[in-house]
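The values are calculated or read from the model by the stated rules, or taken from the named source; none is laboratory data. Because the structure is predicted, anything quoted here is derived from the model rather than measured. Virtual Cβ from ideal backbone geometry, glycine too; neighbours counted across all protein chains shown. Remember, those area values only see protein heavy atoms, side chains included, never the ligands or the DNA or RNA. Shrake-Rupley method; radii C 1.70, N 1.55, O 1.52, S 1.80 Å.
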Amino acid sequence: MDTWMIRAGRGGVYAKSWVETGIVGIGWDFDGADIASMSHDQLRQAYGGAHPDYSAGKVGQAASQTAKFAHDIAKGSTVVTYDPEERLYHIGKVTGACVPTDEIDGVTYRRAVEWKRTAPRDLLATSSRNSLGSLTTIFGISPEVASDLNHAAGSPKNAPASDEAVSDSDDDEARFATYDDGIERIKDRALSLGWDEMEQLVAGLLRSMGYHADVTPKGPDGGRDVVASPDPLGLESPRIIAEVKHRKGSMGAPQVRAFIGGLRAGDRGLYVSTGGFTKEARYEADRANVPVRLLDLDGLVKLYVDSYDNADAETRSLLPLTRIWWPA
């Protein structure tokens, strides 16, 4: 059977929902028509008729991608989707036909999937990461990349896959896919920083956002790795107290609870964990009596990208970026 990558919306926003509900989906709207019974030409005509203001390229791209979802992906096919927050590729088997739905956010047509395994992005070869960063929403995964995914998921089995070349004529989809892939590559680079460099990066990020921020001296700091203030002397409120954990593994409720307990009146808490947070940890932050923000790797990198133009040279040297221009 073949293996397919299906993106869970821009930035993988629907990945968790898909896994929890046992589906994959697409968002192209055909007014609930039975697209599984339509040929490629019929799909093009139907989509063009429903969206007369769309360009021929955009209509063709939607029809081509829809045909893959409705026809080329068969029951028993392996499908992969990516959750950028957890940095996990979810791997499953398609168990159902293509059917319309209006009950799932962002999904117009769905297929049932039995999700079986996960493959951490960090365990994949660089070539596999680059291949999985293709610009299209749905594309075939090569046998080599499928094998790498299986190995990362702890399976010795090789899953052969389609090696079809995929092209995308939709500038909007390509632009967003390029951005998402860029974010993942920046996250890969950020993970290679040392713990002390990550503290410096967080301090630099806060400076780029207009705060005066410094890393605290090494030693017992009570969860105060970085202290930021609106003024250079650190006398004005609100002060931001940041704890930075640069390690694998999610931070749990006890760690977040201890951090919150060390905050003083007038403080604002920022807990950065490149390994993410458990649901219980997020609950602790939500119920805290002082404002506390939990920032995982995905959130940290996106803030860094947004603030990069204002970052100082020292911060940029830790994680340098290159701007990619795109036609308007």
Within the stretch 1-81, helices (runs of 4 or more DSSP H) holding 1 or more residues that are closer than 21 Å to Ser134 by Cβ and of a type in the set (S, T, N, Q): 56-67
Of all the residues that make up the stretch 84-106, how many are surrounded by 21 or more Cβ atoms within 10 Å (Cβ to Cβ), within 18 Å of the chain's Cα centre (by Cα) and under 15 Å from Val24 (Cα atoms)? 3
Residues being in contact (Cβ under 8 Å) with a residue 24 or more places away in the chain, among the charged types (D, E, K, R) and surrounded by fewer than 20 Cβ atoms within 10 Å (Cβ to Cβ): count how many of those fall in the stretch 3-40. 4
Among the residues of the stretch 109-129, the number that are out of contact with any Leu (no Cβ under 9 Å at 6 or more places or on another chain), open to solvent by less than 30 Å² (accessible area, probe 1.4 Å) and not aliphatic (A, V, I, L, M) is 2
Answer yes or no as to whether Ala62 is touching a Phe, Trp or Tyr at 6+ places or on another chain (Cβ under 8 Å), small (Gly, Ala, Ser) and closer than 28 Å to Glu114 by Cβ. yes
Would you check if there is a residue in the stretch 157-180 being at pLDDT 90 or above and open to solvent by less than 70 Å² (accessible area, probe 1.4 Å)? no
So Arg293 passes all but one of these: (1) crowded, with 16+ Cβ neighbours inside 10 Å; (2) at pLDDT 95 or above; (3) within 24 Å of Gln200 (Cβ to Cβ). Which condition number does it fail? (1)
